[in-house]
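Enquirer: What follows is a single structure, and I will ask about it in a moment.
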Amino acid sequence: QAQLVESGGDLVQPGGSLRLSCAASLSIFRIYTMAWYRQAPGKQRELVAGITNGGSTNYADSVKGRFTISRDNAKKTVYLQMNGLKPEDTAVYYCNARWNINDYWGQGTQVTVSS
């Protein structure tokens, strides 16, 4: 059974930075499209950023220019560098791995942006 474990969530002041990590126990990590989603209280889960197995990236308009997704296939890890954090970025952030019919989720890590 595949497992995704997120880490790096924390309480940070507006304008601050965090780096989230997602370690994946996938046998062939490099073939998966990886993504970060987030869900704020009372809202639907939304895509934040994604990265394909070829390294192409896409971002939600709300985070473009502030967040950067990257992956290290050797470490089977995907990262989300978050700069210029805003209170509206407060949410539980989830890691997702997808390939063919395989679709895996992590348990989430809390990011709170508040002064």
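Enquirer: With every protein chain present, what accessible area does GLU46 have (1.4 Å probe, heavy atoms only), rounded to the nearest 10 Å²?
Expert: 80 Å²
Enquirer: Can you send over the carbon and sulfur percentage of the accessible area for the range 18-115, probe radius 1.4 Å, protein chains only?
Expert: Ligands and nucleic acids excluded, carbon and sulfur reach 47 percent.
Enquirer: Using a 1.4 angstrom probe and counting only protein chains, how large is the accessible area of ILE101 in Å², to 10?
Expert: Only protein atoms counted, so the area is about 150 Å².
Enquirer: Can you tell me the FRET efficiency between GLU46 and LYS75 if r is taken as the Cβ-Cβ distance and R0 is 41 Å, rounded to the nearest 0.05?
Expert: It comes out at approximately 0.95.
Enquirer: Related question: Starting from the Cα of LYS86, draw a straight line to each of the lysines and keep only those under 24 Å, dropping any in the same chain fewer than 8 residues away.
Expert: Result set, ordered by chain and number: LYS43, LYS64.
Enquirer: Per residue, how many Å² of accessible area does the chain show with a 1.4 Å probe?
Expert: Per residue, the chain has 54 Å² of solvent-accessible surface.
Enquirer: Further, regarding this structure: Count the net charge of all other residues whose Cβ sits under 15 Å from the Cβ of THR90, scoring Lys and Arg as +1 and Asp and Glu as -1.
Expert: Once positives and negatives cancel, what remains is +1.
Enquirer: Figure the gain on full extension for ILE28 and GLN13 (residue separation times 0.36 nm, minus the Cα-Cα span) and round it to one decimal in nm.
Expert: 1.7 nm
Enquirer: Whenever you get a sec, line up LEU18, LEU85 from highest to lowest accessible area (probe 1.4 Å, protein heavy atoms).
Expert: LEU18, LEU85
The values are calculated or read from the model by the stated rules, or taken from the named source; none is laboratory data. Remember, it's a predicted structure, so these values are computed and weren't measured experimentally. Using ideal geometry, Cβ is built from the backbone for each residue, glycine included, and neighbour counts are taken over all protein chains shown. Please note that ligands, DNA and RNA were not included when accessible areas were found on the heavy atoms of the full protein model with its side chains. Shrake-Rupley method; radii C 1.70, N 1.55, O 1.52, S 1.80 Å.
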